[in-house]
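Below: one structure, written as structure tokens.
Each reported figure results from applying straightforward, stated rules to the coordinates on display, with no laboratory input. Nothing here was measured: the structure is a model prediction, and the numbers come from that model. Heads up, the Cβs are rebuilt from the backbone with ideal geometry, glycines too, and the neighbour counts pull from every protein chain shown.
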Amino acid sequence: MALPVVMPGFAAAKYYVGASLGATEWLVIDQARVDRFATAAGDSNWIHCDPERAARESPWKGTVVPGYLLLSLVPDLLPRLVVLIGWRTAINAGVDRCEFGAPALVGSRVRLGGSLARARTFPGDGVRLTFDVHFEVEGADDPAMTARVHYAYFA
């Protein structure tokens, strides 16, 4: 597993714009996690939650990880890619252009990768960082999810 990129402070963040942040370790998403997500999100579509039916009827012959489950993993996995020194509070400031591409089948290995797209300091000892992130599926040519995510960090 690669170590996260360490940004030594808010003012230094601008020097990382365009830089790859690498990728996290591989993560297996099992059916139990998908089922818990379905309960929490109210998304019990058979393509995600019924392995027997999915094996018979889906074009992928198995259940598919919900795209929104992948998106929900970004706040947990992003700190494994990048560490910003000096922040005390961080907030999710939005998501742009989220797209779900290649399916991630339940039981497959996925990992988050990304780069820093923008850094903007603002009054009150803060910085807004915009990341381009993607979920890679082991063995797939296309990502399962791509998005531009925004976070605001405060000292």
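Tabulated results
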quantity	calculated
Two-site label geometry, Leu3 and Gln31: point separation in nm, points 7 Å out along Cα→Cβ	4.1 nm
In degrees, nearest ten, helix 67-77 long axis to first principal axis of the chain (Cα)	40 degrees
Helix 31-41 vs. the chain, principal-axis angle (Cα, 0 to 90°, nearest 10)	70 degrees
Spin-label pair Asp50/Lys14, simplified geometry with 7 Å Cα→Cβ offset, distance in nm	5.6 nm
Coil-residue GluC sites (Glu not before Pro) of region 23-75, DSSP, other Cβ within 10 Å capped at 12	Glu25
Kirkwood-based shape ratio for region 18-87, expressed as Rg/Rh from alpha carbons	1.11
